[in-house]
Amino acid sequence: MMKSRAVFAAGAVFLSAALAASFIMSDDSSKTVTKPLKLKPSQVLTWDCEYPEYKPVSIMIYCGDGGAYIDKINWKSWNQDGASGTGEYYKNLCEPDCADGKIVHAPVNVRLSELTPRKGKYYLRTLDMSSISGKDFPWDESGVFEWDVMEFIEHMNWDS
């Protein structure tokens, strides 16, 4: 009886370790990392459209036409728990059309969060942007914006 308990306990420990390792190393990017990791800041990436980036200076929001982006990003912090900084939000108002539209801009706070594994690397997937003034932008757009920067790459699967 004692031997079977030891074998069962050893098997349970092995199975628990295997499950934990598979979760941490999983390429299933639908799950954020919940286990404590010790990543160097340079091991933490994010996405700028289809390009993996470490501390990008700019992040394109409208990947198709470049009509909205955050530029001149100055990161105050960058690690596996998230990133925060400030930058300048630029948007093409597309009036009367996008080719002739006025480009407007305003200073913003930028945050990245939700460390997510994908194909052996780790990415901050959620971008939160807010106007530094705390108010809506003068061109009648909300001063708060959230975007999943990994959604495009997951859908297109271009990093295969």
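The values are calculated or read from the model by the stated rules, or taken from the named source; none is laboratory data. What you are looking at is a predicted structure, and each value in this text was computed from that prediction instead of being measured. All Cβ positions, even for glycine, are placed from backbone atoms using ideal geometry, and neighbour counts span all protein chains on display. We work out accessible area using only protein heavy atoms, side chains counted, and drop any ligands, DNA or RNA first. Shrake-Rupley method; radii C 1.70, N 1.55, O 1.52, S 1.80 Å.
The residue that is modelled with the lowest pLDDT, counting only those in segment 59-79 that are open to solvent by 40 Å² or more (accessible area, probe 1.4 Å) and in a loop (DSSP other than H, G, I, E, B), is Gly64. Of the residues that sit in segment 102-137 and are in contact (Cβ under 8 Å) with a residue 24 or more places away in the chain, surrounded by 13 or more Cβ atoms within 10 Å (Cβ to Cβ) and small (Gly, Ala, Ser), which one is farthest from Lys40 (Cα to Cα)? Per the stated criteria, the residue is Ala106. Looking only at residues in segment 138-160 that are part of a loop (DSSP other than H, G, I, E, B) and open to solvent by 40 Å² or more (accessible area, probe 1.4 Å), the one that is nearest to Asn109 (Cα to Cα) is Ser142.
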